[in-house]
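Okay, structure first, notes after.
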Amino acid sequence: MEFQPYFHPDFEKLNLLHAPDARLLPVEKDFVAPENYHATSIFPEYFKVNGQWILAEESRMDCVAVWTGEKVRITEFRHLKKGDLVFIGRTEDGSEGIYMHTRGFASPSSAGRDAFAFRQGRSRETAFSRDYDQLYDLLRHEKDHGHIVWVLGPAVAFDSDSRDAFARLVKNGYVNAVLAGNALATHDLEGAYKRTALGQDIYTQQSMPMGHYHHIDTINRVRLHGSIPAFIEKEDIQDGIIHACVKNDVPFVLTGSIRDDGPLPEVYGDVYAGQDAMRDQVRKATTVICMATALHSIATGNMTPSFRVMPDGSIRPVFFYCVDISEFAVNKLGDRGSLSARSIVTNVQDFVVNVAKGLGV
């Protein structure tokens with residue numbers, strides 16, 4: 001599969017050969033950036049140091065750029081330490097030694113397109129057939145050459161077919177990491193343990209007697225065994241998303257919420273430790289697919305750049321999909337700065353089943 005090529009900025013053509021080096025100021029207090037710090041974006045950004053323009057290779061939105069003496073390190077404010085050298089400047093056109101490269105991936109010319117045309121947005125009326133075909137091709141490529149991160153809301157676990165379909169994606173190598181909350185894992189394990197999700201049969205959707213106890217009974221049992229893998233082994237769990245992840249050594253990061261029941265033992269109660277664990281997976285991601293979880297999608301989008309520097313030094317795009325039945329949810333991601341996100345407005349259970357079928361698993 002061929003990606004859109006990346007073009008480094010031509011600093012001579014941009015009249016930036018004689019631009020000044022970027023300014024650096026030291027951090028005077030832990031966790032506090034100097035005044036007029038530069039905040040990063042989803043785009044590739046270059047910093048001029050000792051006369052050389054240097055790309056910040058691992059970026060994310062709303063962070064600060066630190067010079068290590070060898071490279072530009074992008075970090076959260078909460079990781080700043082006294083003495084760190086932070087890049088200063090609020091302009092992004094290179095005039096202060098900082099250049100944001102928004103057109104690194106050449107796009108086809110829009111010449112010849114009508115100025116007025118119908119259905120240019122992404123909505124429930126959009127035809128997504130081509131999106132699915134492109135996604136199948138992308139996932140086949142990424143299985144061998146990339147790192148696919150899935151961000152799941154609990155709706156994925158509410159249906160037996162979508163649970164089984166996603167488990168097959170895991171088993172067949174189309175999932176490199178899962179990011180989710182307590183609810184996704186709880187209801188998926190409930191589905192394996194009680195055959196229900198939030199007390200409803202995962203196939204018929206019929207409410208079971210005393211079913212409202214099932215999810216907390218599941219959590220309680222997992223906590224009795226001490227961990228999710230121990231629960232899977234001791235209770236002879238044989239199916240589901242989390243079961244597939246455990247059996248195929250696919251990491252899952254479960255971050256907590258103020259409304260969590262339990263929670264499960266693996267859930268991060270410290271939100272910043274959870275954010276760091278999520279970012280450990282996102283910084284390797286080449287494709288991210290978020291499904292039916294607005295807050296987790298926005299969180300992941302905010303830490304996902306539009307590009308990735310590969311081990312061989314080449315630069316490729318990061319593909320970011322947001323799948324939700326709500327137009328509001330998929331559009332909100334763009335409103336929060338994740339401008340490269342591609343939205344698919346559909347039922348996520350149907351989406352997962354279609355993807356599994358399209359990939360032949």
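The values are calculated or read from the model by the stated rules, or taken from the named source; none is laboratory data. Keep in mind that this is a model prediction, so the values were computed, not measured. All Cβ positions, glycine included, derive from the backbone under ideal geometry; neighbour counts span all protein chains shown. Surface accessibility is based on the protein's heavy atoms, side chains included, excluding ligands, DNA and RNA. Shrake-Rupley method; radii C 1.70, N 1.55, O 1.52, S 1.80 Å.
A few points about this structure:
- Take every pair of alpha-carbon atoms less than 8 Å apart whose residues are at least six positions apart; their mean separation over the length of the chain yields a relative contact order of 18 percent.
- Apportionment of accessible area to carbon and sulfur, segment 116-264, percent (1.4 Å): 47 percent
- Compactness of segment 157-290 as Cα Rg over 2.2 N^0.38 Å, two decimals: 1.02
- When Glu35, Glu58 are compared by accessible surface with a 1.4 Å probe, the order from highest to lowest is Glu35, Glu58.
- Neighbour-limited loop hits for trypsin sites (Lys or Arg not before Pro), segment 1-106 (at most 10 other Cβ within 10 Å; DSSP other than H, G, I, E, B): Lys13, Arg90, Arg103
- Distance from the alpha carbon centroid of segment 66-101 to that of segment 205-277 works out to 39 angstrom.
- Rounded to the nearest 10 Å², the accessible area of Met1 at probe 1.4 Å: 110 Å²
- Surface share of carbon and sulfur [accessible, 1.4 angstrom probe, percent] for segment 2-91: 50 percent
- Residue-normalised accessible area of the chain, given per residue in Å² at a 1.4 Å probe: 49 Å²
- For the chain, lysine pairs with C-alpha atoms less than 26 angstrom apart, excluding pairs fewer than eight positions apart on the same chain, total 29.
- Max-minus-min Cα coordinates of segment 212-279 on each principal axis give 33, 30, 19 Å, with the largest extent listed first.
- Size of the chain: Rg and Dmax of its alpha carbons, in Å, are 22.5, 75.
- For segment 189-233, trypsin sites (Lys or Arg not before Pro) are listed when DSSP marks them as loop and at most 16 other Cβ atoms sit within 10 Å of their Cβ; the list is Arg195.
- Of His18, His141, His212, the residue with the largest accessible area leads and the full order is His18, His212, His141 (1.4 Å probe).
- Heavy atoms of Trp53: accessible area, 1.4 Å probe, square angstrom to 10: 50 Å²
- In the assembled protein chains, His101 presents an accessible area of approximately 20 Å² (probe radius 1.4 Å).
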